[in-house]
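Report on one structure; see the data block that follows.
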Amino acid sequence: MTGEPTHHTDPDPARHAAGRIPGDTAVIRKSLGVAVATGLYGVTAGALAVAAGLSVLQAMALSLLLFSGGSQFAFFGVIGAGGSPVAAVASSTLLGVRNGFYGLQVSQLLDVHRWARPVAAHFTIDESTAVAITQVKPRQQRIGFWLTGIGIFVIWNLMTLLGAVAGEAMGDPRTYGLDAAAAAAFVGLLWPRLRGRDPLAVAALAVIITVVTAPLVPAGVPVLAAVLAALLVGLPRRRTSPEEVAAP
């Protein structure tokens, strides 16, 4: 020990000069990685839209205005199966309701101005919400939300355009099996979420309801009927016994 004061120097002073604080780089990398990985999947949405009978312009309008992969796939699946527009919109809306619940939590994190709330709501999707809520500092929560949401929006719509143009050029989608791609896309989105007893029970019961009702009702209605699975699994809860309440 020399008794002299120890001086700590920043190995990267330019970082602070630019206003960047530790942790920003990590959330930026995470946001961009999620944006690229998710946005590239938009090519499937474009191809499915054309396979369902939509034009390239209609596919792009739906992608720009709806901007929710699960809801888009639900819409394409019902329309492609010959279902009515009402059933397609209803199925799409059911899957989009979750974004409204995300908004309740995200709005507290972002503290956006009133004029910016409609924009923030449009970018409130699974991925932007997940990146935001996994950050600790408010600054990084905002970076994660906006960078992920805007990044996915741009890449998703560019890839949707590419998929729609390519799908239109291919001709009859049944030749390539695209008429079944919507169901495959749903399985791909759903599979990572099936963790735990309740999600598995809901999924299994939804499959049974869909298989039973599909031959009896118009296309799109089985998707709506499958919602009953969540109610049947979620409503009956075992009441807590007094012994469990008293237990430490």
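Checked against (1) in a helix (DSSP H, G or I); (2) over 25 Å from Glu168 (Cα atoms); (3) open to solvent by less than 30 Å² (accessible area, probe 1.4 Å); (4) in contact with a helix residue (DSSP H, G or I) (Cβ under 6 Å, 6 or more places away or on another chain), Ala116 meets all criteria but (4).
Whether any residue in the range 58-73 is small (Gly, Ala, Ser), over 18 Å from Leu161 (Cα atoms) and surrounded by fewer than 14 Cβ atoms within 10 Å (Cβ to Cβ) is what I want to check. Checked the range 58-73: no residue is small (Gly, Ala, Ser), over 18 Å from Leu161 (Cα atoms) and surrounded by fewer than 14 Cβ atoms within 10 Å (Cβ to Cβ). Checked against the criterion of being surrounded by fewer than 18 Cβ atoms within 10 Å (Cβ to Cβ), aliphatic (A, V, I, L, M) and in a helix (DSSP H, G or I), the candidates Leu95, Leu158 yield just one match: Leu158. Being outside any helix (DSSP H, G or I) and surrounded by 14 or more Cβ atoms within 10 Å (Cβ to Cβ) is not true of Val106.
In the set (1) touching a Lys or Arg at 6+ places or on another chain (Cβ under 7 Å); (2) surrounded by fewer than 20 Cβ atoms within 10 Å (Cβ to Cβ), Val131 fails one condition alone, (2).
The values are calculated or read from the model by the stated rules, or taken from the named source; none is laboratory data. Computed from a predicted structure; not experimentally measured. Virtual Cβ from ideal backbone geometry, glycine too; neighbours counted across all protein chains shown. The accessibility values were calculated without ligands, DNA or RNA, using every heavy atom of the protein model including side chains. Shrake-Rupley method; radii C 1.70, N 1.55, O 1.52, S 1.80 Å.
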